[in-house]
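Below is one structure, written out as structure tokens; comments come after it.
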Amino acid sequence: MPPSSNTSLAVSSFQRAAPSTAGITLTTVAVCVVLGVAGTLWAGGASALSWMLAAALIVLGALAAGWGYARHQQAQKNAAQAFAADLEHSVKHSAAQGTELDGVCIEVLPVWAEQIEAARSHTEDAITQLTQRFAELAGRIHMTVEGSQDGNAQGLVSLLSSSQKELDGIVTGLRKALSSKEILQREITHLHDFTGQLQAMAKDVADVAKQTNLLALNAAIEAARAGEAGRGFAVVADEVRKLSTLSGNTGQKISETVETVNSAILRTLEASEQYARQDAETLATSGEVIENVITQFNASASGLLQQSNTLREQSEAVGAEIADVLVALQFQDRVSQMLSHIRNDLNKLEQHLLERRSLAAQGQALKPIDTKAWLNELAKTYTMAEQLAVHQGKAPASTAPSDITFF
Amino acid sequence: MSTKKTILIVDDSISIRQVVSMTLKGAGYDVIEGCDGKDALTKLDGRKIHLIVSDVNMPNMDGIAFVTAAKKLPAYKFTPVIMLTTESGADKKSAGQAAGAKAWMVKPFQPAQMLAAVSKLILP
């Protein structure tokens, strides 16, 4: 502190100068007087002259002492005057320095406060925007994750599953149709068996006709042998022969028709068997095609599902990272408060200096600034433990997040 | 009519309001915001509010004064309050408790703990 150091220098020089001058003068006079008296008494013994000389020396000594004291007083006065001058100079000098410092502070403090406020404000704006963007990102990711959980991949899997069921239903339907055809084929084969029986029956009819014809022929022979009496019988025999011929023809026709029907049935059976084979092949091919398609779709869906899961996991991880970033961005609130406290204290100091300047201008006495009280008041404005730690010159404690107390 | 529960967030820091809002909306709550105690009091207009999350140090009206005023309103007498603040001093905590707060949470907060505290205290 310049004023006090200047003052102390002046005081110490004054204290050093004054006693040394007086001390030398008095010591010199005292030594002279003692030596003079002693010498006079030793030289002349205890004679009256000696005593007179000694008295004269004492008087001289006293005069010298008086002169010395006067010199000492003058020196002291001079030193005091020099000290006063020094002090006045020091006070003026330090007052001038103080005024300069006050002036600088009054000009600089608002600039500092504004700069701090600008920095705080910029940080707040930037962090607010950053937080908003991150919050939007987090929201979108959340929606995407929700969507992927509810939607596409699962939907695709269920669609494939239902498609497979429906297609399997069609194949089952076709198999049923095919088995119905097999029943029909069996019926036709059965019909073919009947035609054999019909053929046999037609042959029987032909055989009966043939026998009947022979019988009629024999009857005609016997009728001819009987003569006139057998003429009626001969007519009957002839009619029987005609009928047997007709029966034989009918049997022949039946046999031919049965043959035709049998051929038709065989062709139908053959065609039906061919169609059945084709149907079976088509059915088998359809089943394979459907299975292949479903397998391919399943593979694609499985890939999609896997990709979707990976995407969802990645999205969730990004979401968690963003949540951490958002927690970290809360530092802005703390920094903002710390900067606000510093800014407020700078403003307070500026205000204080302005008041002092005003008081000085009015010629009023200035009270000294109580630094300790000032620091205590500053400490009272703190809201965070780390601010107090820094204030006390300690390392700021790391802030444990989410310290929660329930009442 | 929405079946979501409504939470009032009071903080002068926009970024903190955004983080709290995002956390709570993500968990399915409806959120309304106030930028200080005075502004937040205007939101207490009779609507159903299931919980309040309030900062302490705010311009115009601080959190303690706000909670004290809110608790005097019949509709919000039993609305639970979580103080969310940078303050961790015992004096301030006591003041918060005296004002009627149910929990004191120091910033920065972890969303999971915020949600745990909210679900513990929120009105049915």
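Of the numbered conditions (1) touching a helix residue (DSSP H, G or I) at 6+ places or on another chain (Cβ under 9 Å); (2) on the phi > 0 side of the Ramachandran plot, A:Glu256 fails exactly one; give the number of that condition.
The number of the failed condition is (2).
Which members of region B:114-124 meet the condition of being more than 8 Å from every other protein chain (Cβ to nearest Cβ) and crowded, with 22+ Cβ neighbours inside 10 Å?
Residue satisfying the conditions is B:Val118 alone.
Here is a yes/no grid of residues against (1) at positive phi; (2) of a type outside the set (Lys, Arg); (3) under 16 Å from the mean Cα position of the chain (by Cα); (4) surrounded by fewer than 18 Cβ atoms within 10 Å (Cβ to Cβ):
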site	(1), (2), (3), (4)
A:Gln306	no, yes, no, yes
A:Leu311	no, yes, yes, yes
A:Val318	no, yes, yes, yes
A:Ala323	no, yes, yes, no
A:Asp333	no, yes, no, no
A:Ser336	no, yes, no, no
A:Arg343	no, no, no, no
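How many residues does region B:69-113 hold that are at the interface with chain A (Cβ under 7 Å from one of its Cβ atoms), within 17 Å of A:Val327 (Cβ to Cβ) and part of a helix (DSSP H, G or I)?
So the answer is 2.
Each row is one residue, and each column tells you yes or no for (1) touching a residue at least 24 places away in the same chain (Cβ under 8 Å); (2) under 30 Å from A:Arg312 (Cβ atoms).
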residue	(1), (2)
A:Leu130	yes, yes
A:Arg140	no, yes
A:Leu174	yes, no
A:Gly227	no, no
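Within region A:332-342, how many residues turn out to be farther than 15 Å from B:Asp11 by Cβ and at the interface with chain B (Cβ under 7 Å from one of its Cβ atoms)?
Qualifying residue count, region A:332-342: 0.
Among A:Leu159, A:Leu198, which is the only one that is assigned to a helix (DSSP H, G or I), modelled with pLDDT under 85 and more than 14 Å from every other protein chain (Cβ to nearest Cβ)? I'd like the intermediate steps shown before the answer.
Values: A:Leu198 fails: modelled with pLDDT under 85.
Going through A:Leu159, A:Leu198 in turn, just one is assigned to a helix (DSSP H, G or I), modelled with pLDDT under 85 and more than 14 Å from every other protein chain (Cβ to nearest Cβ): A:Leu159.
For region B:1-60, give me each residue that is small (Gly, Ala, Ser), assigned to a loop (DSSP other than H, G, I, E, B), in contact with a helix residue (DSSP H, G or I) (Cβ under 7 Å, 6 or more places away or on another chain) and on the phi < 0 side of the Ramachandran plot. Working first, answer last.
Step one: filter region B:1-60 for residues small (Gly, Ala, Ser), giving B:2, B:13, B:15, B:21, B:26-28, B:34, B:37, B:40, B:46, B:54.
So of that shortlist, the ones also assigned to a loop (DSSP other than H, G, I, E, B) come out as B:2, B:13, B:27-28, B:46.
From what's left, in contact with a helix residue (DSSP H, G or I) (Cβ under 7 Å, 6 or more places away or on another chain): B:13, B:27, B:46.
Once the filter is applied, which keeps residues that are small (Gly, Ala, Ser), assigned to a loop (DSSP other than H, G, I, E, B), in contact with a helix residue (DSSP H, G or I) (Cβ under 7 Å, 6 or more places away or on another chain) and on the phi < 0 side of the Ramachandran plot, region B:1-60 yields B:Ser13, B:Ala27.
Would you pick out the residues in region A:262-285 that are of a type in the set (Gly, Ala, Ser) and loosely packed, with under 15 Cβ neighbours inside 10 Å?
First, the residues of region A:262-285 that are of a type in the set (Gly, Ala, Ser): A:263-264, A:271-272, A:276, A:280, A:284.
Within region A:262-285, A:Ser263, A:Ala264, A:Ala271, A:Ala284 qualify.
Using the structure shown, decide if A:Ile369 is closer than 30 Å to A:Val111 by Cα, surrounded by fewer than 16 Cβ atoms within 10 Å (Cβ to Cβ), in contact with a helix residue (DSSP H, G or I) (Cβ under 8 Å, 6 or more places away or on another chain) and in contact (Cβ under 8 Å) with a residue 12 or more places away in the chain. Working first, answer last.
Details: closer than 30 Å to A:Val111 by Cα: yes; surrounded by fewer than 16 Cβ atoms within 10 Å (Cβ to Cβ): yes; in contact with a helix residue (DSSP H, G or I) (Cβ under 8 Å, 6 or more places away or on another chain): yes; in contact (Cβ under 8 Å) with a residue 12 or more places away in the chain: yes.
Yes: the conditions hold for A:Ile369.
For region B:23-51: of the residues being aliphatic (A, V, I, L, M), within 14 Å of chain A (Cβ to nearest Cβ) and touching a residue at least 40 places away in the same chain (Cβ under 8 Å), which is surrounded by the fewest Cβ atoms within 10 Å (Cβ to Cβ)? Outline the logic, then answer.
From region B:23-51, those aliphatic (A, V, I, L, M) are B:24, B:27, B:31-32, B:40-41, B:44, B:49, B:51; that's our starting set.
After this cut, where a residue has to be within 14 Å of chain A (Cβ to nearest Cβ) as well, the list is B:24, B:27, B:31, B:51.
Narrowing the set further to residues that are touching a residue at least 40 places away in the same chain (Cβ under 8 Å) leaves B:24, B:27, B:51.
Working: B:Leu24: 22, B:Ala27: 14, B:Leu51: 22.
Once the filter is applied, the top-ranked residue is B:Ala27.
The values are calculated or read from the model by the stated rules, or taken from the named source; none is laboratory data. Just so you know, these numbers come straight off a predicted model, no measurement behind them. Ideal geometry is used to build each Cβ from the backbone, glycine not excepted, and the neighbour counts take in all protein chains shown.
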